[in-house]
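What follows is a single structure, and I will ask about it in a moment.
The values are calculated or read from the model by the stated rules, or taken from the named source; none is laboratory data. Computed from a predicted model, the values in this text were never measured in an experiment. Cβ placement follows ideal geometry from the backbone for every residue including glycine, while neighbour counts extend to all protein chains displayed.
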Amino acid sequence: MGYKKQVRLLLILTFVLTVGIFAVFYFEKESLSILSELFGKRIYYSDIAPAGESIFFLSATLLLSLIPLYFLKEGIYKAWRKFAVIYLPIAILWIAASDPYGGGGYVGMLDSREQVTFFVSGLFLLISLILIIYKSIKLRKK
């Protein structure tokens, strides 16, 4: 599969995931009743809020990173993919290991899952953009 197809598939998947999670939280009552019917069990907002927020921010930053990659060269995508394949599993593990409600932080003031999610997502977006810009400048000189 060519890199354009990979980027397009990732864009579609992250867009659907981001919009889907946003819809669940925006239309809280209606979407939770639909999810409750699907799973045959009453689902409450407090049950899904910590995980949903984490997934939303990670998918949103992934989506923002993928948009410029669709229009750039394959070498830039491959360099970014190497970074993302290593970074995202570590970030997901860190978020999953953090306390959903705070207490006992790992790094400085990062003591809740929400803070860890914001930090990890922001860092991912920052590093992704720096890497994309650096590689595009480097490949342009060749």
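Out of 38, 11, 110, which single residue is at pLDDT 85 or above and either touching a helix residue (DSSP H, G or I) at 6+ places or on another chain (Cβ under 9 Å) or loosely packed, with under 11 Cβ neighbours inside 10 Å (or both)?
Checking each option against the conditions leaves just 11.
Those residues that are modelled with pLDDT under 90 and either polar (S, T, N, Q) or outside any helix (DSSP H, G or I) (or both), I need them from the stretch 53-69; list them, please.
54 - this is the single residue of the stretch 53-69 that is modelled with pLDDT under 90 and either polar (S, T, N, Q) or outside any helix (DSSP H, G or I) (or both).
For the stretch 118-135, enumerate the residues that are in contact (Cβ under 8 Å) with a residue 40 or more places away in the chain and within 16 Å of residue 85 (Cα to Cα).
Our first condition is that a residue be in contact (Cβ under 8 Å) with a residue 40 or more places away in the chain; within the stretch 118-135, this holds for 118, 120-122, 124-125, 127-129, 131-132, 135.
Of everything in the stretch 118-135, those that are in contact (Cβ under 8 Å) with a residue 40 or more places away in the chain and within 16 Å of residue 85 (Cα to Cα) turn out to be 120, 121, 124, 125, 127, 128, 129, 131, 132.
While we're looking at this one, here's another question. Kindly evaluate residue 90 against the criterion of being assigned to a helix (DSSP H, G or I), surrounded by 15 or more Cβ atoms within 10 Å (Cβ to Cβ) and modelled with pLDDT of 90 or more.
Numbers: assigned to a helix (DSSP H, G or I): yes; surrounded by 15 or more Cβ atoms within 10 Å (Cβ to Cβ): no; modelled with pLDDT of 90 or more: yes.
No.
Matching residues to (1) modelled with pLDDT of 90 or more; (2) of a type in the set (D, E, K, R); (3) under 18 Å from the mean Cα position of the chain (by Cα):
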| position | (1), (2), (3) |
| --- | --- |
| 71 | yes, no, no |
| 118 | no, no, yes |
| 128 | yes, no, yes |
| 139 | no, no, no |
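Kindly check whether there is at least one residue in the stretch 19-26 that is in a strand (DSSP E or B), at pLDDT below 80, more than 30 Å from residue 135 (Cα to Cα) and touching a Phe, Trp or Tyr at 6+ places or on another chain (Cβ under 9 Å).
Initial filter on the stretch 19-26 (in a strand (DSSP E or B)): none.
Looking for residues that are in a strand (DSSP E or B), at pLDDT below 80, more than 30 Å from residue 135 (Cα to Cα) and touching a Phe, Trp or Tyr at 6+ places or on another chain (Cβ under 9 Å), one finds none in the stretch 19-26, hence no.
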